[in-house]
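The values are calculated or read from the model by the stated rules, or taken from the named source; none is laboratory data. None of the values given here were measured: they were computed from a predicted structure. A quick note on method: Cβ atoms are made from the backbone with ideal geometry, for glycine too, and the neighbour counts reach across all protein chains shown.
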Amino acid sequence: MSNFYNFMGLFLMSFIPLMVVAIGAMMSEKGGVTNIALEGIMILGAFCGVLVVKYLGKAVGMNADSSMWLIQGVYLFGMLIAAVAGILVALLHAFASINLAANQIISATAINTLAPALVVFLTMTLSLGQVRGSDEIEVPYALFRFKEMGFLSKIPFIGDLFFKDANLSVFIGIAILITSYIVLYKTRLGLRIRACGEHPEAADSVGINVYKTRYFGTLASGALAGIGGYMLITNIYTVYNGTVAGYGFLAMAVMIFGNWKPFKIALAAAFFSFLTVLASGIAYIPFLENLGFSNEVLKMLPFIATLVVLIFFSKTNQGPRANGVPYQKGGN
């Protein structure tokens with residue numbers, strides 16, 4: 001069973017960030033704004049969050065012997081800063097897409113192009129890396145894991161899976177999933193978001209402010225992408241060099257495969273995450289390891305699956321009808 005738990009540990013650390021970012025993509029598109037800037041927002045959100053963890057951790061003397069409350073407090077504050085950074089970047093995309101009615105793909109592509117270059121430039125110019133001139137920022141990811149969580153760790157199977165060597169991001173991700181469903185389908189705000197994504201003119205005619213509603217969806221998307229980028233880096237990586245390994249683009253495929261619905265998105269994220277961690281976790285699945293697949297082939301699987309999903313599901317899984325269409329009051 002140890003192989004199973006080890007593999008599931010890798011799986012959860014990939015699954016949660018991917019699901020969170022895909023839910024962020026859904027929030028934006030449900031309101032009618034296409035946000036393919038997720039990759040860039042993840043990169044900048046992770047950058048800001050990791051910097052906060054690095055310098056705040058040093059300021060409070062955080063180390064392996066520190067109180068778990070202190071460590072998790074630093075972790076959560078870093079996540080908050082990542083969310084704020086994501087919102088600020090998404091604000092640029094929202095302004096261009098909603099106020100200026102600019103092409104949403106071009107606006108998002110500009111962010112995706114700028115983000116990694118900006119992170120590397122700032123890291124090297126300001127000497128933020130591990131050594132002077134390096135583009136790699138150290139990430140103390142191992143500190144953020146709970147070794148055990150009291151009596152919860154003793155629960156058969158569930159305890160070993162979720163409450164031993166666990167990360168707070170797992171529980172935050174589950175909370176985000178449930179909250180997104182409640183907001184979209186059980187609140188007036190969710191109804192307004194969906195109305196603006198389906199028929200903004202009709203929404204406007206009954207007094208819904210389409211611009212504000214679309215802003216909310218886009219900024220929520222930015223916050224979740226920033227959080228997802230931060231989760232990914234602090235869950236898995238020991239250093240950060242301005243990349244999130246294409247997770248932002250993968251999240252778009254997850255959203256489409258999940259048909260713009262929160263729980264279906266979670267299932268789609270589980271499928272893609274399984275493929276993603278095969279390359280690094282195949283040693284924990286002996287019968288697959290014995291088949292002799294190379295690591296290079298396994299690393300290609302999630303992106304091959306993305307193409308397959310888009311080919312077979314882009315027609316049947318239809319997104320919001322007004323998604324990506326700029327709205328101008330009285331001009332449509």
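The figures follow:
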| read-out | value |
| --- | --- |
| Odd one out for residue 76, checked against (1) outside any helix (DSSP H, G or I); (2) surrounded by fewer than 19 Cβ atoms within 10 Å (Cβ to Cβ) | (1) |
| Residue in region 42-63 that is within 30 Å of residue 159 (Cα to Cα), outside any helix (DSSP H, G or I) and of a type in the set (S, T, N, Q) present | yes |
| Filter result for the condition that a residue is out of contact with any strand residue (DSSP E or B) (no Cβ under 9 Å at 6 or more places or on another chain) and under 28 Å from residue 183 (Cβ atoms), over 303, 312, 293, 271 | 271 |
| Counted residues, region 101-123 - those being outside any helix (DSSP H, G or I) and surrounded by fewer than 14 Cβ atoms within 10 Å (Cβ to Cβ) | 1 |
| Subset tally (residues that are free of Cβ contacts under 8 Å to residues at least 60 places away in the same chain and either under 9 Å from the mean Cα position of the chain (by Cα) or within 16 Å of residue 323 (Cα to Cα) (or both)) for region 209-218 | 1 |
| Conditions (1) modelled with pLDDT under 95; (2) part of a helix (DSSP H, G or I): number failed by residue 90 | (1) |
| Which listed residue, of 23, 41, 36, is surrounded by fewer than 23 Cβ atoms within 10 Å (Cβ to Cβ) and either within 29 Å of residue 195 (Cβ to Cβ) or charged (D, E, K, R) (or both) | 36 |
| Among residues of region 281-316, those that are among the hydrophobic types (A, V, I, L, M, F, W, C), buried (at least 16 other Cβ atoms within 10 Å of the Cβ) and within 18 Å of residue 10 (Cα to Cα), counted | 3 |
| Selection status of residue 165, touching a strand residue (DSSP E or B) at 6+ places or on another chain (Cβ under 6 Å) and either modelled with pLDDT of 75 or more or surrounded by fewer than 18 Cβ atoms within 10 Å (Cβ to Cβ) (or both) | yes |
| First in region 117-129 and touching a residue at least 24 places away in the same chain (Cβ under 8 Å), second anywhere and in a helix (DSSP H, G or I) and surrounded by fewer than 18 Cβ atoms within 10 Å (Cβ to Cβ), Cβ under 8 Å, 6 or more apart | 128/122 |
| Condition broken by residue 184, with the remaining ones in (1) exposed (fewer than 15 other Cβ atoms within 10 Å of the Cβ); (2) closer than 19 Å to residue 266 by Cα; (3) not β-branched (Val, Ile, Thr) satisfied | (1) |
| Hey, residue 105 of a type in the set (Val, Ile, Thr) and in contact with a Gly (Cβ under 6 Å, 6 or more places away or on another chain) or not | no |
| Some residue of region 219-239 being in contact (Cβ under 8 Å) with a residue 40 or more places away in the chain, of a type in the set (Phe, Trp, Tyr) and either out of contact with any strand residue (DSSP E or B) (no Cβ under 6 Å at 6 or more places or on another chain) or closer than 21 Å to residue 82 by Cα (or both) | yes |
| Counted residues, region 229-252 - those being under 19 Å from residue 109 (Cα atoms) and either in contact with a Gly (Cβ under 6 Å, 6 or more places away or on another chain) or surrounded by 24 or more Cβ atoms within 10 Å (Cβ to Cβ) (or both) | 6 |
| Residue match in region 139-151 (condition: in contact (Cβ under 8 Å) with a residue 24 or more places away in the chain, within 17 Å of residue 219 (Cα to Cα) and assigned to a helix (DSSP H, G or I)) | no |
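Results for (1) under 14 Å from residue 54 (Cβ atoms); (2) in contact with an Asp or Glu (Cβ under 9 Å, 6 or more places away or on another chain); (3) surrounded by 17 or more Cβ atoms within 10 Å (Cβ to Cβ), shown as yes or no for each residue.
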| residue | (1), (2), (3) |
| --- | --- |
| 125 | no, no, no |
| 139 | yes, no, yes |
| 144 | yes, no, yes |
| 147 | no, yes, no |
